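Just below is one structure, and these are the notes that go with it.
The values are calculated or read from the model by the stated rules, or taken from the named source; none is laboratory data. Keep in mind that this is a model prediction, so the values were computed, not measured. Neighbour counts run over all protein chains shown; Cβ positions are idealised from the backbone, glycine included.
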Amino acid sequence: MEKLKVGVIGVSNHLLKRIVLPLRNTKYCEIYGIASRNTEKAKSFAQEFGVKKVYADYQELIDDARIDFVYIPLPNHLHLEWVLKAAKAGKHILCEKPITLNTKEAISCMEAAEKNKIKLMEAFMYKFHPLWIYAKEVIKTNQIGEIKYINISYAYNNPSAGNIRNIKEYGGGALMDIGCYAVSSSRFLLDAEPKRVIAVHQHHPEFKTDTLDSAMLDFNGIHVNYTVSTLSHANQCVEIVGSSGRIQIPIPFNTYVDTPSEIKIYTGQGERTVHFDVCDQYGLMFDGFSECLIKDKPVPVETGDAVNNMKVIDALFKSAETQGWENVNTNKICE
């Protein structure tokens with residue numbers, strides 16, 4: 001079977017560090033073309049990694065009939081523009097998280113996908129890792145009882161003024177870059193939407209981006225607490241606490257691609273560690289999306305999930321401003 005041809009818009013550091021190598025081993029797709037605002041950068045990338053086609057600009061790439069779907073790893077503030085243009089060109093789209101800067105933009109993307117009859121998915125790769133699927137199964141089968149609360153920590157230290165994650169108008173900041181994982185993963189585990197949220201943000205005096213965020217999401221009595229930071233020692237951990245046990249995920253998001261991963265489960269019967277074989281969650285995500293295109297099935301994560309995630313993020317930003325609880329519409333926008 002011939003693999004689907006992926007067109008990549010933008011030569012990002014994320015593409016180089018986490019995407020290009022997994023796509024060498026995927027079953028259903030491969031990088032066929034690359035476009036960059038810096039043509040020489042695109043040519044160098046293509047030569048280094050054996051990408052067949054380099055385009056003069058983004059529009060030329062999405063207009064190429066040979067491209068089966070577009071992957072967008074651009075800075076957050078450019079997602080809306082190129083999702084809309086790719087959808088108009090009839091291209092299926094895998095877009096990096098968060099899908100846009102706010103709920104209104106996310107809804108525009110969902111409507112464009114529906115209008116142009118293309119598939120659009122937000123690239124939260126963790127949902128494809130076996131450890132997350134297993135953790136959700138443990139919860140569903142009542143192995144740790146009724147969920148009471150979840151604690152999430154995620155941080156790194158990036159003081160660079162020129163980095164896109166530290167540029168506010170680009171959609172930078174802790175909530176948009178890594179807080180979105182806390183929001184998404186809690187919704188994923190609980191298969192529900194929070195009723196209300198409250199947040200406290202600390203901002204950089206120069207960048208004006210949020211660099212230290214703490215928040216609580218109230219899922220009708222189940223509390224999700226998270227702290228994320230862009231100026232702290234790198235760390236990450238998720239702990240799910242139930243009435244009769246708990247689950248600990250030591251490395252929940254940036255799992256190693258060359259090392260087995262694990263989760264720890266504590267119950268009244270004792271403690272156990274469940275190990276998972278080496279895998280690459282990005283490759284699994286690309287293959288999961290591609291398989292749905294080939295078989296014309298719904299994508300693993302519908303676009304409405306991205307809209308719902310942005311609704312929570314918007315409420316968190318508002319809460320940080322008002323310094324109080326902010327309600328979130330708990331009715332799902334899109335099933």
When residues of region 1-46 are limited to those that are basic (Lys, Arg) and in a helix (DSSP H, G or I), the one nearest to Tyr282 (Cα to Cα): Arg18
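Restricting to region 47-64, and then to whatever is part of a helix (DSSP H, G or I) and in contact (Cβ under 8 Å) with a residue 24 or more places away in the chain, can you tell me which residue is farthest from Ile118 (Cα to Cα)?
Phe49
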message: Between a residue in region 271-294 that is outside the structural domain of Lys27 (by TED's automatic domain parsing) and any residue that is assigned to a strand (DSSP E or B) and of a type in the set (Asp, Glu), which pairs come within a Cβ distance under 8 Å, given they are 6 or more apart or on different chains?
response: Thr273/Glu262; Val274/Glu262; His275/Glu262; Phe276/Glu262
message: Tell me yes or no: at least one residue of region 27-38 is under 28 Å from Thr255 (Cα atoms), out of contact with any Ser or Thr (no Cβ under 7 Å at 6 or more places or on another chain) and in contact (Cβ under 8 Å) with a residue 60 or more places away in the chain.
response: yes
- request: Kindly list the number of the only condition in (1) surrounded by fewer than 21 Cβ atoms within 10 Å (Cβ to Cβ); (2) within 30 Å of Pro260 (Cα to Cα) that fails for Ala112.
  value: (2)
field: Selection count, region 262-280, where residues are within 19 Å of the chain's Cα centre (by Cα) and either within 25 Å of Asn225 (Cα to Cα) or in a strand (DSSP E or B) (or both)
entry: 0
- prompt: Considering only strands (runs of 3 or more DSSP E) fully contained in region 69-129, which possess at least 1 residues that are over 18 Å from Leu23 (Cβ atoms)?
  reply: 120-123
- line: Residue count, region 122-172, condition more than 19 Å from Asn235 (Cα to Cα) and without any contact (Cβ under 8 Å) to a residue 24 or more places away in the chain, comes to 7
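Is it true that Thr267 is touching a Ser or Thr at 6+ places or on another chain (Cβ under 7 Å), modelled with pLDDT under 95 and surrounded by 16 or more Cβ atoms within 10 Å (Cβ to Cβ)?
No.
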query: Take the residues of region 243-256 that are touching a residue at least 60 places away in the same chain (Cβ under 8 Å) and crowded, with 16+ Cβ neighbours inside 10 Å: which is nearest to the chain's Cα centre (by Cα)?
result: Phe253
